[in-house]
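One structure is given here, and the rest of the page talks about it.
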2 protein chains.
Amino acid sequence: MNTLQVDVAVIGAGTAGLAAYRAAKAAGASVVMIESGDYGTTCARVGCMPSKLLIAAADAAHSVGKATGFGIHVDGAIRVDGREVMDRVRRERDRFVGFVLRDVQNIPHAERIRGHARFVDDHTLAVADHTRVVARSVIIATGSHAAGLDALKHLGDRVIINDDVFNWHDLPKAVAVIGPGIIGLELGQALHRLGVRVAVLGRGGRVGPINDPEIRRYAIATFNEEFLLAPDAHIAAMARNGESVVVRRSGQDGAGGSEHFDYVLAATGRAPNVTDMGLDQTTLKLDGKGVPSFDPATTRTTSTGEASTIFIAGDAGNFIPLLHEAADEGRIAGGNAARLALGMEVKPGLRRAPIGIVFTDPQIGIVGGGFHALKPGTFATGQASFEDQGRARILLKNKGLLNVYGDLASGRFLGAEMLAPAAEHLAHLLSWALQNKMTVAQMLEMPFYHPVIEEGLRTALRDLNAKLSAVGKAA
Amino acid sequence: MNTLQVDVAVIGAGTAGLAAYRAAKAAGASVVMIESGDYGTTCARVGCMPSKLLIAAADAAHSVGKATGFGIHVDGAIRVDGREVMDRVRRERDRFVGFVLRDVQNIPHAERIRGHARFVDDHTLAVADHTRVVARSVIIATGSHAAGLDALKHLGDRVIINDDVFNWHDLPKAVAVIGPGIIGLELGQALHRLGVRVAVLGRGGRVGPINDPEIRRYAIATFNEEFLLAPDAHIAAMARNGESVVVRRSGQDGAGGSEHFDYVLAATGRAPNVTDMGLDQTTLKLDGKGVPSFDPATTRTTSTGEASTIFIAGDAGNFIPLLHEAADEGRIAGGNAARLALGMEVKPGLRRAPIGIVFTDPQIGIVGGGFHALKPGTFATGQASFEDQGRARILLKNKGLLNVYGDLASGRFLGAEMLAPAAEHLAHLLSWALQNKMTVAQMLEMPFYHPVIEEGLRTALRDLNAKLSAVGKAA
């Protein structure tokens, strides 16, 4: 067994791990990066990128169908070539993964170790049976995996996860999507638009990251105009039947009865990869799910003993499982781990205003901590519908509802939830405004061109500003 | 002849005039609004709205053709039904105009006068032969008209302007668009995508509002991949030939030779409606084109005598002929005209960071005063191409070039020019940043989601920031 002595050891070579590696190197530390699986990030391999590719094809198919509304007709059938669709998804996915692999290959061989890492103590890692790494600081960037599969394992190979979808060579006929979270909604709608019969079924009523009950109700109704979305589906039974699965529903939500599907796509959430890595050999405090507690500002974990020398970044920390947050956390962890190893102080890194986007159509956008984080009685809500919004109507995209929140005391903008056309762009504008601590009145002094979707946002801000001003006058 | 005595007279009931009327009323003045033509704004009748409707149909047709790239096929012909396309354009246009007419109808009859207004002196207007209006202040909001038609009048009814296009009941076969300004580019590309043979011909090389020579070159090359755009076309002759027009070109730019078109669409600019209204009877200072000089902050015109009591707003002032600017100017003019009439001081109003958008595909976006307004040696340029940008490539929209400018001394963001996918949204984000006086470094601390078009903007900002930092270090 080799023994390596380094300043910083990074466990995981995904988005967070790579960012951590680079930041630690830039800070002058000696670093090794340890990876047990294939190189390539969750985002590029099975996450953001391939899902957006599938969605792009789905939206293209949808647009062809909608062109009639503009006077553009197709004299013949619209044919989704499942093999071609999946060929492009896989080809472009492989290209994105290729960029990541190139980045990894540019890292000197001596600084990359392959194998499963287990903590021996806070400073020592055993990698497979070949290497022992002794590090002044360690960064856990081990990512996450699809969770909730145990309850479905009686369905055998008919149960798939998002990873499997992106390896398809053709499209199936029917898929039951279990879990209307981000992945379930995006893939469910995309498959539907590509001609796959889809049912998106959940439990408890949640829809993606939406917290605001008005927006959630609107989203459920809107998606149901297109495909079956039952966020509280009361599934009575799921059973294997030859090469298909029979899903039997009962109760209030949906028509009940049985339906056959080729696959059950488990989109039942993701769990951090923190088991089976010897965390019990460290001094770390773990939460109820076995995930190390940590300070999001510094990414430093909490030790039961002295100040911890272990940092955590990305999906492994289960904080905000988004690529740009993983990259930020990796950067913060890498810098702090290096500083600590080199005898300097750990310091808070840059955290940005929260932004979340679901690439459905209409898109879901969440800015700020979300509706549920607002304290009742301290805020007002401004609203705009996109059903009669000028530009949205011109584009035949006039579906959407936007709620914006403002602080009654300061007039400050607090965040937004929306199902809206171009929500990805509105969410950027709003998250920048939030991070700039703008008041709603200041936001209304900004440019709004004509005719644009942003004018719908202005309608909501005006509504909010009137409510904030009314309170100001009353006080 | 009736004589009316009022605080404020507004000449023109378009976007600027209506905003001025409302602002003056809100400030407590007595107001009349005088209109000589049909009610309805330039924007709703012949500008922003119907052009976006035509573009929406054109882009729908284009998308159907491009769906093949995603694996979505059409087994049969794509058929543009010109009558249906134009039906929707006119129907929705009429709906937008209807909203304006409803607004006008809600104005009390006594405050609306129909007829052509001429100044008798700074405070007196003669409206047609029926009314004399004596006003403490006057607002000129008379709008603009298509200009440059004299040189084409030998072509008779084969010469059309944008107004005519939106009244078509079907699409013609071939149109020569003279003038690659905003209207020429938008309508030219839209007609091309709807199957009309198009040539967009200019003189002098300008393309829309683009000033940056790199962006202009890129835009010319990009549009020429799709349709003929010759911004310096050397037209040797245009002659009527039965029911068509023969355009003969010569020289370097383009292949030369003759081509037949059904129509010549004159998109040769617009001129303010300020002639034939007795401005020579006032004390106003006029510029070389006969347009009153004025202060954009207050919209107050300049008098050769005492402080002027006349204000100007919207296209009539020839300042920034855009709807949202016309609305702002109308609001400022209305408030100031009322204040002056009621014995108060004129004050500067809210002017926003400049933003310009052309709704071609890719779109053109200009933020700030444009490249030509920057002082050489005081700024750096950051650049990003969209040809290999992740999300743009996913969407098969990977065409575009973005230049962002930053101040070498302060690090402040100064503006941008671009041909880019989603430029309308990027331009909003950037214009808000500009108005907030953000530095480029601060902008890079803002959220950028993944995968989004905004990441292309981040690439340009990083490039710019590196250049600004290099100078900072050298200094």
Sequence-distant or interchain residues sharing an amide H contact under 5 Å with A:Ser410, placed H: which?
none
Quick one: compute the contact order of chain B, relative version, from alpha carbon pairs under 8 angstrom and 6+ residues apart, as a percent.
16 percent
Inter-part gap, Cα centre of the range A:47-84 to Cα centre of the range B:420-475, in whole angstrom, is 33 Å
Charges on Cβ only, +1 for Lys and Arg, -1 for Asp and Glu, centred on the Cα centroid of the range B:152-266; of B:Val159, B:Ser250, B:Leu228, which one is farthest towards the dipole's positive end?
B:Ser250
Trypsin sites (Lys or Arg not before Pro) in the range A:389-475 lying in a DSSP loop, each with at most 16 other Cβ atoms within 10 Å of its Cβ, come to A:Lys437
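What fraction of the DSSP beta bridges in chain A is antiparallel, stated in percent and rounded to the nearest 5? Don't skip to the end; give the middle numbers.
Details: 50 of 83 bridges.
Just about 60 percent of them are antiparallel.
Which value, in debye to the nearest 20, describes the size of the charge dipole of the protein assembly as shown about its Cα centre when Lys and Arg Cβ atoms bear +1, Asp and Glu Cβ atoms bear -1, and nothing else is charged? Can you show the working numbers first?
Details: 100 positive and 100 negative charges, 129 e Å.
So the magnitude is around 620 debye.
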Over the Cα atoms of the range A:369-475, compute the convex hull volume and normalise it per residue, giving Å³.
93 Å³
Along the range B:143-148, Karplus-curve 3J(HN,Hα) (6.51, -1.76, 1.60; θ = phi - 60°) to the nearest Hz, with x for Gly and Pro, reads x, 9, 9, 4, 10, x
How many square angstrom of accessible surface are buried between A and B, both sides summed, with a 1.4 Å probe and rounding to 100?
6700 Å²
Folded to 0 to 90 degrees: helix A:82-105 orientation relative to chain A principal axis, Cα
30 degrees
A correct Karplus calculation of ³J(HN,Hα) over the range A:283-295, with 6.51 cos²θ - 1.76 cosθ + 1.60, θ = phi - 60°, whole Hz and x for Gly and Pro, returns 8, 5, 7, 10, 7, x, 9, x, 8, x, 6, 8, 9
What list of ³J(HN,Hα) values in whole Hz, one per residue of the range B:116-121 in order, does the Karplus curve 6.51 cos²θ - 1.76 cosθ + 1.60 (θ = phi - 60°) give from phi, with Gly and Pro shown as x?
7, 9, 10, 5, 9, 8
How much of the DSSP beta bridge set in the protein assembly as shown is antiparallel, as a percent to the nearest 5?
60 percent
Using alpha-carbon positions, what is the distance between the centroids of the range B:269-306 and the range B:205-236, in Å?
33 Å
Can you report the principal axis dimensions of the range B:205-267 using only the alpha carbons, biggest first, rounded to whole angstrom?
41, 22, 19
With +1 on each Lys and Arg Cβ and -1 on each Asp and Glu Cβ, how big is the dipole of chain B about its Cα centre, in debye rounded to the nearest 20?
480 debye
Please tell me the relative contact order of the range A:192-311 in percent, rounded to the nearest whole number, where contacts are Cα pairs under 8 Å and at least six residues apart.
14 percent
For chain A, give the percent of accessible area contributed by carbon and sulfur heavy atoms, probe 1.4 Å, rounded to a whole number.
51 percent
Can you give me the accessible area per residue for chain B, using a 1.4 Å probe, in Å²?
38 Å²
Based on DSSP H runs of at least 4 residues, each adding -39500 (n - 2.57), what is the mean residue ellipticity at 222 nm of chain A after dividing by all its residues, to the nearest 500 deg cm²/dmol?
-10000 deg cm²/dmol
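Exceeding 31 Å between C-alpha atoms, which entries from my cross-link table qualify? They are A:Lys285/A:Lys347; B:Lys153/B:Lys375; A:Lys66/A:Lys173.
Over 31 Å apart, Cα to Cα: B:Lys153/B:Lys375.
Counting partner chain Cβ atoms within 10 Å of every residue's Cβ in A:61-69, what's the average?
Working: counts 5, 3, 9, 11, 2, 3, 11, 3, 5.
So the per-residue partner count for this stretch is 6.
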Got the relative contact order for the range B:270-330 handy, in percent, Cα pairs under 8 Å and 6 or more residues apart?
28 percent
Which cross-chain or sequence-distant (5 or more) residues have an amide H under 5 Å from the amide H of A:Val452, H modelled 1.01 Å from N in plane?
A:Arg391
So if the hydrodynamic radius of the protein assembly as shown is defined as the Kirkwood radius over C-alpha pairs, what does Stokes-Einstein give as its diffusion coefficient at 20 °C and 1.002 mPa s, in µm² per second?
70 µm²/s
Which angle from 0 to 90°, rounded to the nearest 10, does the C-alpha axis of helix A:182-193 make with the longest principal axis of chain A?
50 degrees
Selected from A:Ser36, B:Gly278, A:Ala338, residue furthest toward positive end of dipole (the protein assembly as shown; charges at beta carbon)
A:Ala338
With everything on Cα atoms, drop me the angle between helix B:48-66 and the longest principal axis of chain B, reported from 0 to 90° to the nearest 10.
10 degrees
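The values are calculated or read from the model by the stated rules, or taken from the named source; none is laboratory data. Owing to the predicted nature of the structure, the values given are computational and were not obtained by experimental measurement. Note that we place each Cβ from the backbone using ideal geometry, even for glycine, and neighbour counts take in every protein chain shown. Surface areas here come from the heavy atoms of the whole protein model, side chains and all, with no ligands, DNA or RNA. Shrake-Rupley method; radii C 1.70, N 1.55, O 1.52, S 1.80 Å.
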